[in-house]
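One structure is given here, and the rest of the page talks about it.
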Amino acid sequence: MSGDLQERGEALEECYEFMLAYGAQGPPSDEGSRAGGQVREFLDRAVKVVDGLAESFAVSIQERGLDPAVNFRAFLAVPDHDARDSLAALEMILAQPVISSQLIDNLNASIHLRALLTDMFLVGEIMGKQHPVVKPRE
């Protein structure tokens, strides 16, 4: 995977894991606790990571010269759709005056966010193990 795409995937996975832990703690509000302050930071980071994700996939496909490229380009619609849906959910949560563990649990269960993570893992597996970077001849 390209560096940008890998960084985005790691950041999204970290956010998801933090949210699982936050949800398990059961706070009724994000106010007044260290984890409560962090939840907004992780959500902000996730928004930045998700925004532009499809473009990062496209760059990685081009950099690696994956073949047949048409199949990879066709797949780009999937993470693009999942990213837009996830972004809408993340921004909706961030707009709330209080972020409870229940709200985060529901976000974690969201099929959109889970699908986006799965997209990242799928692409990471294909790009990372099966297709080394093709370097141009000198």
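The values are calculated or read from the model by the stated rules, or taken from the named source; none is laboratory data. All figures in this text were calculated on a predicted structure; none of them were measured in a lab. Here the Cβ positions follow ideal geometry from the backbone for every residue, glycine too, while neighbour counts run over all protein chains shown.
General remarks:
- Test for residue 85: is it under 19 Å from the mean Cα position of the chain (by Cα) and closer than 24 Å to residue 34 by Cβ: no
- Test: residue in region 46-60 that is outside any helix (DSSP H, G or I), out of contact with any His (no Cβ under 6 Å at 6 or more places or on another chain) and not hydrophobic (A, V, I, L, M, F, W, C): yes
- Scanning region 85-102 for residues that are at pLDDT below 90 and either among the charged types (D, E, K, R) or in contact with a helix residue (DSSP H, G or I) (Cβ under 6 Å, 6 or more places away or on another chain) (or both) yields 99, 101.
- Per the listing 67, 82, the residue uniquely surrounded by 19 or more Cβ atoms within 10 Å (Cβ to Cβ) and out of contact with any strand residue (DSSP E or B) (no Cβ under 8 Å at 6 or more places or on another chain) is 82.
- Residue in region 10-25 that is on the phi > 0 side of the Ramachandran plot and either over 20 Å from the mean Cα position of the chain (by Cα) or assigned to a helix (DSSP H, G or I) (or both) present: no
- Residue that is farthest from residue 77 (Cα to Cα) [pool: residues in region 43-63 that are modelled with pLDDT of 85 or more and surrounded by 19 or more Cβ atoms within 10 Å (Cβ to Cβ)]: 43
- Inter-residue pairs, beta-carbon under 8 Å, first assigned to a helix (DSSP H, G or I) and in region 62-90, second of a type in the set (Asp, Glu) and surrounded by 14 or more Cβ atoms within 10 Å (Cβ to Cβ), 6+ apart: 78/119; 79/119; 82/119; 83/51; 87/51
- Applying the condition of being outside any helix (DSSP H, G or I) and not aliphatic (A, V, I, L, M) to region 91-120 and asking which residue is surrounded by the most Cβ atoms within 10 Å (Cβ to Cβ) yields 100.
- Screening residue 29 against (1) part of a helix (DSSP H, G or I); (2) farther than 13 Å from residue 120 by Cβ; (3) among the hydroxyl-bearing types (Ser, Thr, Tyr) leaves a single unmet condition, (1).
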